[in-house]
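Here the structure is laid out as structure tokens; the discussion comes afterwards.
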Amino acid sequence: MMSGNAIERYSPLSILPGIGTKKAALFAKLGLSTIQDLLYFFPRDYEDWSERHSLQEALDGQWLTVEATVAREPTVQRKGRLTIVRARLEQEGAVVTAIWFNQPWIKDQLQIGEVYVFHGQAERKGRFFNLQNPAYLLKDKIDFLFRPIYPLTQGLTQRDIRLAVTAALKRLRIGELEPLPASLRKENKLCTLEYALQNIHYPNNRHDILVSRERLGFDELFLLQMGLRLIKKRHQDKHLSPQISLDAKIEDKLQNWLQTLPFQLTADQNQAIADLRRDLEQEKSMNRLIQGDVGSGKTVVAAYAMALTAWSGYQSVFMAPTSILAEQHYETLSTLYANTGLNLALLTGAVKKSERTAILAGLAKGTINILIGTHAVLEETVKYNNLGLCITDEQHRFGVDQRASLGDFSGNDFFPHMLVMSATPIPRTLALIIYGDLDITMIREKPPGRVPVATYTAREKDRSRVEKLMRRRIEQNEQIYVVCPMIEDSSEQDLESATGVYNYLSQTVFPEQKVALLHGRLTAKAKSTIMESFGQGKIDILVTTTVIEVGVDNPQATMMVIENAERFGLAQLHQLRGRIGRGEKESLCVLMSETTDTKARQRLTALCLTNDGFVLAEEDLKLRGPGEFFGIRQHGLPEFKIVNLYEDKELILKTSRAADKLLQEDPDLTAVENRRLLPFIKRRLTTNWEPVL
Ligand code: ADP
Ligand code: MG
């Protein structure tokens with residue numbers, strides 16, 4: 001036998017009394033195998049035993065905690081497979097009947113004449129009350145005020161978990177596991193870990209629960225944020241990038257180039273450019289995210305950075321998530337760089353072998369300044385001469401792992417500066433978490449003269465009116481998108497629904513007009529041919545699945561009809577709508593839906609009310625809840641047990657400030673009191689993250 005009462009955080013649960021292999025297996029079903037797992041298994045609710053109620057004043061439906069005597073021998077009644085135990089309880093002359101179903105042993109447990117405390121919900125029966133299935137304990141045995149209620153699994157009872165937790169709390173020396181230095185705790189008015197763990201399970205009052213949750217939530221966020229900051233720092237310390245700076249000649253060239261643009265940059269675009277220039281000049285690798293709503297003009301900002309990089313003698317690569325987008329960026333950039341002498345190339349899966357060979361040679365020699373493409377640019381065979389800048393567009397389509405690996409193909413002994421651009425606005429507080437390893441620039445302002453897209457919902461009965469509106473647009477030489485939803489992973493069915501809409505429109509409604517169908521099953525070549533015709537105005541109506549979701553730019557397209565709009569998420573609808581409203585004419589977006597689902601209706605209404613992606617992002621987070629918002633997991637972040645990323649904005653900001661402050665004072669966490677933090681931070685990051693620590 002082990003002598004020790006001492007247990008460790010990683011001790012298996014079987015070290016606790018009453019937990020054998022069978023029970024341990026049940027605990028494992030809840031994901032609990034160590035003492036630490038158990039203590040971080042938080043109650044989903046509490047029974048409030050802190051007051052004692054008088055039966056005289058009981059109300060129907062009220063949760064009661066009553067001290068009462070068992071007055072007579074309880075009775076047992078059998079009704080088929082059901083056993084019912086009834087006990088008459090007395091309290092100062094008042095009477096209540098306690099009823100338990102299928103727990104015949106209770107009859108023998110209750111002692112006549114003993115005083116117990118019963119906890120259950122009152123149910124009025126005529127002049128009397130029943131208590132159904134009340135929990136009870138001998139009055140003298142009660143040493144808590146609130147009792148935890150845990151999520152259960154078949155075969156495991158509240159009692160099993162409570163006993164285990166109580167034993168673990170008693171025997172583990174929690175004080176030794178405190179990660180936070182006392183000064184930090186004091187500054188942030190936090191209780192100790194020991195207090196928090198005791199009180200999250202067995203609080204003495206509601207306030208204790210809040211205090212404990214605040215502390216444990218602080219840990220969840222703070223350790224993660226520290227980790228992300230350290231990853232960023234290590235990354236920067238490890239990887240040196242070329243210092244891309246401006247001499248007067250390059251400055252002149254850039255100024256001249258800006259003069260050739262058909263518009264003036266907005267203040268936000270100028271700010272973004274200033275951020276980039278500052279970053280590129282550093283030897284430290286840039287790691288920046290530009291967040292800008294659809295149509296906010298991110299491309300020209302990227303173009304500026306790539307021109308600057310090229311004129312300083314380095315190559316850039318610009319990556320898009322789809323070949324359609326890559327091609328479009330290639331077109332756009334070719335126009336933007338018209339008389340600059342910069343040499344661009346496009347590399348996608350559709351590029352022919354001979355052409356590819358030529359591009360690879362140009363990249364290796366350094367004659368190509370800027371490469372635009374899809375993932376194809378990341379393949380090992382692609383060797384650069386001196387890659388200085390790597391830009392990823394529409395970043396949310398690339399996973400976090402890809403983001404992490406982007407820089408590994410330097411092609412030189414330095415590391416390219418990294419810039420990611422996202423058109424999916426994320427509320428600032430959430431961005432602090434999801435992009436905690438990046439610096440963030442926001443482009444909020446849209447170029448002047450943009451007319452917001454008028455957005456309406458419509459039902460099937462309105463369809464002929466919608467078709468009339470479509471006809472009018474076509475008569476004015478404008479173009480229309482009709483978007484069909486993805487149906488749960490089944491591209492077969494997607495195609496079917498899109499094909500159905502296409503047949504209907506091309507044969508029945510608009511036989512005279514040019515209608516085309518675009519979907520994911522087409523070859524890259526077929527897709528780009530269609531997009532090209534659409535761009536040239538040769539197609540009136542483009543029926544499409546969500547392949548056009550991101551980035552496509554055709555200012556002549558001024559109307560969009562979205563079928564089964566309830567099937568799309570809010571962010572996705574906003575992205576789709578961003579394909580129109582790109583010119584001076586007022587655009588129209590019609591959301592077709594028959595849904596009666598409240599949340600879906602709220603999403604559609606939100607879109608009708610605003611064109612501001614940041615406002616919609618907040619709304620989305622509110623409607624969906626943070627768990628589903630983009631899927632925190634998808635972003636490769638560890639889970640949160642306490643923190644609600646939507647509701648706990650204050651805490652996110654507080655922990656963020658605390659992390660900044662601590663790292664400013666002690667950048668490498670070498671001070672004696674801070675050293676213990678590192679292992680805790682590493683552990684917080686281990687879900688999906690390969691900690692670079
Ligand atoms: P996004 O941020 O969605 O990538 P784009 O870079 O595609 O946006 O820009 C959308 C449109 O706005 C393009 O047609 C672009 O030429 C135009 N644009 C960009 N900046 C400005 C500006 N400062 N003034 C006017 N139009 C602009
Ligand atoms: Mg774009």
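So the values come out like this:
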{"item": "Only Lys, Arg (+1) and Asp, Glu (-1) charged, at Cβ; the chain dipole about Cα centre in debye", "result": "1260"}
{"item": "Carbon plus sulfur fraction of accessible area for region 85-227, probe 1.4 Å, in percent", "result": "50"}
{"item": "Probe 1.4 Å, accessible area per residue of the chain, Å²", "result": "47"}
{"item": "Charge dipole of the chain about the Cα centre (unit charges at C-beta), most positive-ward option of Gln132, Gly583, Ala671", "result": "Gln132"}
{"item": "Tensor-based shape of region 454-610 (alpha-carbon gyration tensor, a/c under 1.5 rounded, otherwise prolate or oblate)", "result": "rounded"}
{"item": "Nearest 10 degrees, 0 to 90: helix 524-535 Cα axis against the chain principal axis", "result": "70"}
{"item": "Percent of beta bridges antiparallel (DSSP, the chain, rounded to nearest 5)", "result": "40"}
{"item": "FRET efficiency for Ser533 and Leu177, using Cβ-Cβ distance with R0 set to 60 Å, rounded to 0.05", "result": "0.40"}
{"item": "In region 454-610, lysine pairs with alpha-carbon atoms under 17 angstrom apart (chain gap of 8 or more, or interchain)", "result": "4"}
{"item": "Extension gain from Val509 to Ala361, taking 0.36 nm per residue of separation minus the Cα-Cα distance", "result": "48.1 nm"}
{"item": "Other-chain or far-sequence residues with amide H under 5 Å of Asp293's (modelled H)", "result": "Ile443"}
{"item": "Alpha carbon centroid spacing (whole Å) that separates region 565-627 from region 1-60", "result": "45"}
{"item": "Carbon + sulfur, % of accessible area of region 454-610 - ligands and nucleic acids excluded, 1.4 Å", "result": "47"}
{"item": "Dipole magnitude (debye, nearest 20) for region 1-133, charges at Cβ of Lys, Arg, Asp, Glu", "result": "800"}
{"item": "Residue (of Pro452, Thr429, Ser464) at the positive-pole extreme of region 427-473, dipole from beta-carbon charges", "result": "Ser464"}
{"item": "Pair Lys585, Trp105: separation of 7 Å Cα→Cβ label points (nm)", "result": "7.8"}
{"item": "Reachable lysines from Lys141, criterion Cα separation under 21 angstrom, eight or more residues apart if same chain", "result": "Lys107, Lys170"}
{"item": "Solvent-accessible area, 1.4 Å probe, carbon plus sulfur percent, for region 248-443", "result": "48"}
{"item": "Residues of type aspartates and glutamates that Lys298 reaches as a straight line, Cα spacing below 13 Å, ignoring anything fewer than 8 places off in the same chain", "result": "Asp268, Asp393, Glu394, Glu445, Asp553"}
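The values are calculated or read from the model by the stated rules, or taken from the named source; none is laboratory data. The structure displayed is predicted, hence computed values, not measured ones. We place every Cβ from the backbone using ideal geometry, glycine too, and count neighbours over all the protein chains shown. Accessible surface is based on the protein model in full, side chains and every heavy atom, while ligands, DNA and RNA are left aside. Shrake-Rupley method; radii C 1.70, N 1.55, O 1.52, S 1.80 Å.
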